[in-house]
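Peer 1: Take this structure, written in structure tokens, and hold onto it; I'll ask about it next.
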């Protein structure tokens, strides 16, 4: 991990200790994961409006508070960062919904998933539309929805997504292709 000498197994051990209720593990874990959480937050924010009111530090803190409240049985480092990415996406989508409710703008045309993959800025309506499309996709097929979310909102590689989801890399590729087609259809942009 960047900024620390901790290995992936060190992080996994600290996550397990934290999950079992050892507060000192959380105190040791936070400095180790903070840099990666900020990187994840910057990636999430790069997919939103450039004039977003959130700063990476604020997003990390809000997401971390939600993660602390969950006290989930963390499987490993990848599982933790996958859940953190979901948490950040939901925080930003909720924020976008509140702002959209105040303004009531409309999405102009379709949303190109390829633009999201390249982390181009999107508007509030697009953020909400993508969030709702991912929720629908996950309702129809939870695994495909999870793979799409991880592909779009984390920097995880296909093999890391495969490990996190518990399938092969080939399955991730196939599911991502299916998810991409579905998202293009739902969001109104050609594949």
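Peer 1: Can you tell me which residues in the range 130-144 are closer than 15 Å to residue 85 by Cα and surrounded by 21 or more Cβ atoms within 10 Å (Cβ to Cβ)?
Peer 2: 130, 134
Peer 1: Now for a different question. Test of understanding: among 185, 170, 162, which residue is in a helix (DSSP H, G or I) and within 16 Å of the chain's Cα centre (by Cα)? Lay out the reasoning, then the answer.
Peer 2: On the way: 185 fails: within 16 Å of the chain's Cα centre (by Cα); 170 fails: within 16 Å of the chain's Cα centre (by Cα).
The match here is 162.
Yes/no per residue for (1) crowded, with 18+ Cβ neighbours inside 10 Å; (2) over 22 Å from residue 166 (Cβ atoms); (3) modelled with pLDDT under 85:
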residue: 2; (1), (2), (3): no, yes, yes
residue: 10; (1), (2), (3): no, yes, yes
residue: 13; (1), (2), (3): no, no, no
residue: 28; (1), (2), (3): no, yes, no
residue: 38; (1), (2), (3): no, yes, no
residue: 58; (1), (2), (3): no, yes, no
residue: 69; (1), (2), (3): no, yes, yes
residue: 79; (1), (2), (3): no, no, yes
residue: 94; (1), (2), (3): no, yes, yes
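Peer 1: Please work out if residue 155 is over 21 Å from residue 96 (Cβ atoms), at pLDDT below 90 and touching a helix residue (DSSP H, G or I) at 6+ places or on another chain (Cβ under 7 Å).
Peer 2: So residue 155 passes the test.
The values are calculated or read from the model by the stated rules, or taken from the named source; none is laboratory data. The model shown is predicted, which means the values in this text are computed figures rather than measured ones. Using ideal geometry, Cβ is built from the backbone for each residue, glycine included, and neighbour counts are taken over all protein chains shown.
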